[in-house]
Amino acid sequence: MREHVLVASGFGGQGIMLLGQILATAAMVDNKFSTWLPSYGPEMRGGTANCTVVISDEHIGSPVTDSPREAIVMNIPSLLKFEERIQPGGLLVINSSVVDREPERKDIEIVKVDANKIAERLGNIRAANMVILGAYLAKTGAVSEQSVEKALKMKFGGKKDSIVDLNMKALRAGAEAIKN
C-alpha cells in the first residue's frame, strides 16, 4: 500500500485550505482514496490554519494523525508546531520566503522553496501555495500534474480560466525550483 499523510500549515490567507482541497480532489481524479481535514485557528485571516490530507491506494481508516509523514510549512509558527511531529525519514517542505530559521531535525528530508518570490515573479503572490504544492509533488509524486489541473478546473474553471493557468504555472515553477 502506498500512502501519503500530509499536514499543510500557514497563516490564514496563504491558501492552505485550497492547497489541501486541490490535492485531495486531484487524488480522486487519479482514482486514489483521499481525505481532507481542515483546522482553523481563532481567526480566518491572519490566524494559523492547517489541514491534513491523506492519499492512499486503499481505503482510509481515519483522516486524523498526530505524526504525519510529510509536512508543508508556510510560516515559522507552523514549523515550530509540526517539525517534531513528522515521522523519522519523512519530508518537510518549507516556504523559505517566510521561514527564516533552520529546522532542527536531522532525520527527515528538508526541502526549501522561495515560494513567495517565485509567485511574485509569476505576477501574483497568492500563487505561493501552488508553488509549494508543486515542490511537494515533485518530491513525492503523490498525484499527477494532470489531476491537479483537472482539480483546479473543477474549482475555478469557466470564467476563471486565467486563475487555472496562473496556478499551473506556479505548480510547475515550484517543481522546477527544487530540481535546480
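The values are calculated or read from the model by the stated rules, or taken from the named source; none is laboratory data. Everything numeric in this text was worked out from a predicted model, so none of it was measured. No Cβ is skipped: glycine too gets one built from the backbone with ideal geometry, and neighbour counts run over all protein chains shown.
Structure summary
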{"read-out": "Count of the range 136-168 residues which are within 16 Å of I118 (Cα to Cα), surrounded by fewer than 20 Cβ atoms within 10 Å (Cβ to Cβ) and of a type outside the set (A, V, I, L, M)", "value": "1"}
{"read-out": "Hey, V5 in contact with a Pro (Cβ under 6 Å, 6 or more places away or on another chain), at pLDDT 95 or above, among the aliphatic types (A, V, I, L, M) and surrounded by 15 or more Cβ atoms within 10 Å (Cβ to Cβ) or not", "value": "yes"}
{"read-out": "Filter result (farther than 20 Å from S67 by Cα and of a type in the set (S, T, N, Q)) within the range 81-101", "value": "N95, S96, S97"}
{"read-out": "Options S78, S147: the member that is under 15 Å from V7 (Cα atoms) and among the small types (G, A, S)", "value": "S78"}
{"read-out": "Pairs where the first residue, in the range 6-29, is farther than 19 Å from S96 by Cβ and touching a residue at least 12 places away in the same chain (Cβ under 8 Å) and the second is hydroxyl-bearing (S, T, Y) and crowded, with 24+ Cβ neighbours inside 10 Å, C-beta under 9 Å, 6+ apart", "value": "L23/Y136"}
{"read-out": "Within the range 54-75, tally of residues that are without any contact (Cβ under 8 Å) to a residue 60 or more places away in the chain, buried (at least 19 other Cβ atoms within 10 Å of the Cβ) and among the small types (G, A, S)", "value": "0"}
{"read-out": "Residues of the range 147-166 satisfying the condition of being touching a residue at least 40 places away in the same chain (Cβ under 8 Å) and either under 17 Å from A27 (Cβ atoms) or outside any helix (DSSP H, G or I) (or both)", "value": "S147, V148, K150, A151, L152, M154, K155"}
{"read-out": "In the range 102-133, the residues that are buried (at least 17 other Cβ atoms within 10 Å of the Cβ), touching a strand residue (DSSP E or B) at 6+ places or on another chain (Cβ under 6 Å) and in a strand (DSSP E or B)", "value": "V111, K112"}
{"read-out": "Members of the range 50-93 that are in contact with a helix residue (DSSP H, G or I) (Cβ under 7 Å, 6 or more places away or on another chain) and among the β-branched types (V, I, T)", "value": "V53, I55, I72, V73, V93"}
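Yes/no matrix, rows are residues, columns are (1) more than 19 Å from M130 (Cβ to Cβ); (2) at pLDDT below 95:
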{"residue": "S34", "(1), (2)": "no, no"}
{"residue": "M44", "(1), (2)": "yes, yes"}
{"residue": "A49", "(1), (2)": "no, yes"}
{"residue": "E70", "(1), (2)": "no, no"}
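Matching residues to (1) under 14 Å from the mean Cα position of the chain (by Cα); (2) among the basic types (K, R):
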site	(1), (2)
L137	yes, no
Q146	no, no
M154	no, no
K159	no, yes
D165	no, no
E176	no, no
N180	no, no
